[in-house]
Amino acid sequence: MAEKTLRYRTVLFDWGDTVMYDDPASTVPMVEWPTVEVVDGIADVLRRLHSSHRRIVLATSASISDERQIRGALARGGLDKYFARIYCFKNTHLSKGEAFYRHILSDLHIPASEALMVGDGFEKDVQAANAVGIFAVWFNPRSDETRMGELHVTVHSMQELLAFFTALDRNE
């Protein structure tokens, strides 16, 4: 029996308010915060993606933390084991935009059609990713607003994101 080919073998995640809750007022790396908090349901999503043998990547615009510090914060939340790569301002020298996503695709040696971006910022996580051909999922837990397009969908919870991936894999 031939192995089923997965759609979107590489899944990129925004960090702040998508994987772990951010405090925009903080001026120190998250790894140094007294407490860190993971977004409700993200562990289930990451576990599911990992078990499907997808490559999971963090694609963040965070500029205070470097890759080691980000991995340390993820470890505090029990999530570091899921992330194969971390892309941030300090290791790419790029703000999150089209050049940032092109850099990731080039570095991973994959076409845009093999990647999917998940994030809570419509402009930086969805529109910028879409501009280079990456399908995106807008994680919008703050409102009922839903935006759909040729290269993006909206989910309002991690449970909906989990259902999205379950349906995606069922339809392959």
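Taking square-rooted eigenvalues a ≥ b ≥ c of the alpha carbon gyration tensor, is the stretch 47-95 rounded, prolate or oblate, where a/c under 1.5 means rounded and, failing that, a/b exceeding b/c means prolate?
Numbers: a/c = 3.18, a/b = 1.61, b/c = 1.98.
Since a/c reaches 1.5 but b/c is at least a/b, the shape of the stretch 47-95 is classed as oblate.
The H on the amide N of Thr154, modeled in the peptide plane, is under 5 Å from the matching H of Trp138, Arg147, each at least 5 residues off or on a different chain. A protection proxy built from the mean count of other Cβ atoms within 10 Å ranks the segments 140-148, 37-45, most packed first, as 37-45, 140-148. The string of couplings for the stretch 124-137 from the Karplus curve (6.51, -1.76, 1.60, θ = phi - 60°) is 7, 8, 9, 4, 5, 5, 4, 4, 9, x, 8, 5, 9, 10 Hz, one whole number per residue in order, with x for Gly and Pro.
Can you give the FRET efficiency for His109 and Arg147, using 1/(1 + (r/R0)^6), R0 = 25 Å, r = Cβ-Cβ distance, to the nearest 0.05?
The calculated FRET efficiency here is 0.25.
Span-like helix check, the chain: no full DSSP H segment qualifies, none having both a Cα axial length of 20 Å or more and a mean Kyte-Doolittle of 1.0 or more. Straightening the chain between Ser63 and Thr27 buys 11.9 nm, computed as 0.36 nm per residue apart minus the Cα-Cα spacing.
Among beta bridges from DSSP that stay inside the stretch 13-170, the antiparallel ones total about 10%.
Look at the Cα gyration tensor of the stretch 13-170: its axes a ≥ b ≥ c give a/c under 1.5, and that counts as rounded.
Restricted to Cα atoms, the stretch 74-164 shows a radius of gyration and a Dmax of 13.6, 37 angstrom. The protection proxy used here, the mean number of other Cβ atoms lying within 10 Å of each residue, ranks peptides 102-112, 71-81, 21-31 as follows, highest first: 71-81, 102-112, 21-31. Taking each DSSP H run with n ≥ 4 as -39500 (n - 2.57) and averaging over every residue of the chain yields -8500 deg cm²/dmol at 222 nm.
In the stretch 23-65, the inverse of the mean reciprocal separation of distinct Cα atoms equals 12.6 Å; this is its Kirkwood hydrodynamic radius.
Each value in this text was obtained by applying a stated rule to the coordinates, not by laboratory testing. Values in this document were obtained by computation on a predicted structure and should not be read as measured data. For neighbour counting, all protein chains shown are included, and Cβ atoms are generated from backbone atoms with ideal geometry for every residue, glycine included.
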